[in-house]
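The values are calculated or read from the model by the stated rules, or taken from the named source; none is laboratory data. Just so it is clear, the model here is predicted, and its values are computed rather than measured. All Cβ positions, even for glycine, are placed from backbone atoms using ideal geometry, and neighbour counts span all protein chains on display.
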Amino acid sequence: MKRKAGGEDRPRVLVLGVGNILLRDEGLGVRTIEYIQKNFTVPNGVDVLDGGTGGLALISVIRGYGRLIIVDAVANKSAPGALYRIDGRTMKNSPPLMATAHQLGVRDMLALAGLEGFNPEVVIIGVEPLDISAGLALSGLIEKKIPEAAAMVAKELRAAGFEMKEKRQSA
């Protein structure tokens, strides 16, 4: 779906962090969104949203965007902290995205949106979790991966014609 983004005719972009912050590293997507909101200025035409464990409710949220960049924990049985870029067109052949017992998975949400005729361009930025036990804090290893995940989001935005600028930190 194309809409005016920043005065130009290009798809609006949603950067959506998903995950359950009650299960440590499963909250990686949400924590990355918090990091981006704190440290970067997001351009017009791009929205950054904490989707938490929104499940089906996220279908109505994503509907107005032509491009989605989803940040989530990805279970691939690789080394914890491994970073992934998954193209939505090849997602069925990619590592599984995390889904807790009370969360409709990202794949399921996108499949249902597709059944309704909504098929945005999708890229998933993922990190292999270390610890998904109960707790609010990310493991130290995964917390250190947040800036890299944010840099991957920035790269995707640049490819779409948007520049996410780092905020100046005052001393």
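Results, tabulated for the structure shown:
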quantity: Which numbered condition Thr41 misses (of (1) within 28 Å of Arg168 (Cα to Cα); (2) touching a helix residue (DSSP H, G or I) at 6+ places or on another chain (Cβ under 9 Å)); calculated: (2)
quantity: Strands (runs of 3 or more DSSP E) lying entirely in the stretch 1-82 (those with 2 or more residues that are surrounded by fewer than 16 Cβ atoms within 10 Å (Cβ to Cβ)); calculated: 3-5, 8-10
quantity: Qualifying residue in the stretch 93-116 (condition: at pLDDT 85 or above and part of a helix (DSSP H, G or I)); calculated: no
quantity: Some residue of the stretch 133-142 being in contact with a helix residue (DSSP H, G or I) (Cβ under 8 Å, 6 or more places away or on another chain), in a loop (DSSP other than H, G, I, E, B), at pLDDT 90 or above and surrounded by 14 or more Cβ atoms within 10 Å (Cβ to Cβ); calculated: yes
quantity: Long-range neighbours under 7 Å by Cβ, at least six apart or interchain, first residue within 16 Å of Gly29 (Cα to Cα) within the stretch 116-135, second in a loop (DSSP other than H, G, I, E, B) and basic (Lys, Arg); calculated: Val127/Lys145
quantity: Per-region count, the stretch 143-171, residues surrounded by 16 or more Cβ atoms within 10 Å (Cβ to Cβ) and farther than 19 Å from Glu26 by Cβ; calculated: 6
quantity: Qualifying positions in the stretch 32-91 - over 27 Å from Lys144 (Cβ atoms) and at pLDDT 90 or above; calculated: Asn44, Gly45, Tyr65, Gly66, Arg67
